[in-house]
Amino acid sequence: MRKWEIFRRLGEPFAAGFFQRENASYLVRHADAICSHLAHAPLPEYEPGARLYPSGRSGIWNADPEERVRFFYSFSLSVDGAALRRKEERLTTDFERRVFREGVAELEFLVQSVIPPEYAVGGRGWSHGVIHYERVLREGWQGYRRRIEAAQARNPEFYGAVLSVLNALSDYVRRAVTELKRRGADPALIAALERVPEQPPRTLYEAFVGCNFLWYLDDCDSCGRIDRVLGSYRRGESEREVQELFRLLWRNFDMNDGWHVLLDPRESLCRAAIQAQRGYRRPNSGILIDEETPPEVWEAIFDSWASSNPSPALYSRRNYERGVQTGLGVPPEEAGEFAFGGCSELMVQGKSHVASLDAGINLLRILSATGVRFASYEEFYAQFTADIRRHLDRLVRAIRENAKFRADYQPQLIRTLFMDDCLDRGLEFNAGGVRYHGSAVNVAGLNNVVNSLVVLKQLYAGKLGVSVAEFAAWLERDFEGNPLLLARVRQLPKFGNDQEEADALASELSAMIFGYLSGCSRADHWILPAIIMFATYGELGTTVPATPEGRGTGRPLGDSCGPVQGTDRNGPTAMLRSVAALDQAHAPGSLVLNLRLSRKVLQSPEGRAQCRALFLTYFQLGGLQVQVTVADTQTLREAVRDPAAHEGLIIRIGGYSEYFNRLSPELKEEVIRREEHLAASE
């Protein structure tokens, strides 16, 4: 029995297709795998009365929970090796088991990242994307098929592979329509899927149906400028009708852990999209903000926050557009097309491959390795920054190697089809097919390090009452036995309070790191500095010993680019002024900033006006992004004690929205430790 037959028998259609032509290129084998899955995997369940399909958790690539090898947007396929190996029990001969093990080993090889684990800061070769929804809907799959067929003679293998996938997709939709008719589905839904995505939509509803299907096809990742994508199909539908369609789409995002969308106040669907998200923690929606943002949009934002939904986050239109043009070289006519994938990773929608949080550095780990046993602060700082540069060099080399590994072994056929300019160039998505290629590099622990540098300056100046050797010894003991020294350390200025010394150190260190990484960018591969901690800042601290700022051994790092939790005591204005001191102009990857406001701030027109002025001022100072959680400490404490009574409590954490109850106990405590600002101006 051949390998593909064994996997087919074990209920693995994707893997069976992959092994059908073992001597073919990986491009062809991945195309065969997708086609096999689409032809043999069960269709998603239809929820009675549903107006979108698929809907709920049953998607295109995971309709069969027993399938352990399937398409995955980030690494082109996913392999649950442990569960897959358990299927070996169903095989009856030694030959079948040996052949099966060979297949599993190859599949597991293909999903790896060659980036060393020490640089897996927030991600390890992870990749998000935004396919070109606007163009796919506008041209329909028929238009894409015509372009492929016209170019097929230039590169028969490439165009033959992508055409086979596109034809399999069309067959899949026809199979779905037949099944929906059999199940008595909504006639309007059936009629819409008989048209889209094969042909361009004629109505707003058809556009929603097509966009939803494409999003499931892209494995429920990100949708970019979705209000612009859909807005051109609006033909007089009421706000209520639009809200209902968005609520259906946001429900799907929420149930499938969908990622980012970016809203634009200039688009007619913007407010409806905001209002529809109440009650759903996904997508991680953001909104472009500038001085021209209409008052009614601000009110929609504040109403959403006041309803305990922290979406949308705020993004500076002007600062991102400037960064995309000057920092990345995107021409002005395309600079306004930027969007975000995943948490907040910058990309040009439909035209870029940005390996999101491809890798990163843990500055606190480097600081601990450098140590503090030097004769002077200048000697220490020179060694510390040299160590950082050495790690950055290794990191960038690893990223380049990982990009080559992706190009050789991880073809991504869905994005090859639906991202510009792969079809025109005849190149696969991971092999240089897209117009813009880059990697977001995460910088963890910058806020902690700045606080530690403040302490070390005092130490080397002889102002802590202990020698350098004595301090190093107490540090190794986690300050245990010397509470006075620990108290003195913790009372020193902290980043996030608009204090000159800490802010100057933050400015200097961030400029060095971000400038160094930006200088590694090439025209064919951007390096995008970022601080997006996701939920990893707890885990990243577990391997780091005590640090000079007074952080204990194994304690979490600071959350993203803001002050370390609970250390900003001078109000939100001071906090934002400190964060603006970071070299944000050289960090377009994004610098995620968390801010926790009291609900009372949003209960009066005066409080809302203060908020609006506060955020606009931050953006005028060069800030890129801010995400706001409106939840008082008492409510968060009650949610810890009685989770069932607070199932819908949503917070922002490290760049994304999450139900508070889903966080680990440690991260819940870190969210509670964030300073709750009682006024927008203090």
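The values are calculated or read from the model by the stated rules, or taken from the named source; none is laboratory data. All figures in this text were calculated on a predicted structure; none of them were measured in a lab. Quick reminder, even Gly has a Cβ in these numbers, built from the backbone with ideal geometry, and neighbours come from all protein chains shown. Areas reflect the complete protein model, heavy atoms only, side chains present, ligands, DNA and RNA absent. Shrake-Rupley method; radii C 1.70, N 1.55, O 1.52, S 1.80 Å.
Okay, here's what the table says:
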| quantity | calculated |
| --- | --- |
| Residue count, region 457-481 (criterion: acidic (Asp, Glu) and part of a helix (DSSP H, G or I)) | 2 |
| Output for region 1-54, where each listed residue is in a loop (DSSP other than H, G, I, E, B), farther than 30 Å from Arg195 by Cβ and out of contact with any strand residue (DSSP E or B) (no Cβ under 8 Å at 6 or more places or on another chain) | Met1, Arg2, Leu10, Gly11, Phe19, Gln20, Arg21, Glu22, Asn23, Ala24, Ser25 |
| Lone unmet requirement of (1) at pLDDT 90 or above; (2) closer than 30 Å to Tyr659 by Cβ; (3) hydroxyl-bearing (Ser, Thr, Tyr) for Ser518 | (2) |
| Cβ-Cβ under 8 Å pairs, at least 6 apart or on other chains, region 450-461 side open to solvent by less than 10 Å² (accessible area, probe 1.4 Å), far side assigned to a helix (DSSP H, G or I) and among the polar types (S, T, N, Q) | none |
| Lone unmet requirement of (1) touching a residue at least 40 places away in the same chain (Cβ under 8 Å); (2) of a type in the set (D, E, K, R); (3) out of contact with any helix residue (DSSP H, G or I) (no Cβ under 8 Å at 6 or more places or on another chain) for Glu549 | (3) |
| Filter result for the condition that a residue is assigned to a loop (DSSP other than H, G, I, E, B) and under 23 Å from the mean Cα position of the chain (by Cα), over Leu595, Leu667, Leu582 | Leu582 |
| Any hit, region 273-289, residues being in a strand (DSSP E or B) and among the hydroxyl-bearing types (Ser, Thr, Tyr) | yes |
| Residue count for region 479-506, restricted to those that are closer than 28 Å to Cys561 by Cβ and either without any contact (Cβ under 8 Å) to a residue 24 or more places away in the chain or open to solvent by less than 60 Å² (accessible area, probe 1.4 Å) (or both) | 17 |
| Test result for Ser58, among the polar types (S, T, N, Q) and not in a loop (DSSP other than H, G, I, E, B) | no |
| Per-region count, region 641-660, residues more than 16 Å from Ser307 (Cβ to Cβ), more than 21 Å from the chain's Cα centre (by Cα) and surrounded by 15 or more Cβ atoms within 10 Å (Cβ to Cβ) | 1 |
| Residue within region 133-142 that is touching an Asp or Glu at 6+ places or on another chain (Cβ under 8 Å), under 29 Å from Ala355 (Cα atoms), open to solvent by 20 Å² or more (accessible area, probe 1.4 Å) and modelled with pLDDT of 95 or more present | yes |
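So that you can scan it fast, the table gives a plain yes or no per residue for (1) open to solvent by less than 10 Å² (accessible area, probe 1.4 Å); (2) free of Cβ contacts under 8 Å to residues at least 24 places away in the same chain:
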position	(1), (2)
Arg397	no, yes
Glu401	no, no
Tyr409	no, no
Gln412	yes, no
Arg415	yes, no
Met419	yes, no
Gly432	no, no
His437	no, no
Ala440	yes, no
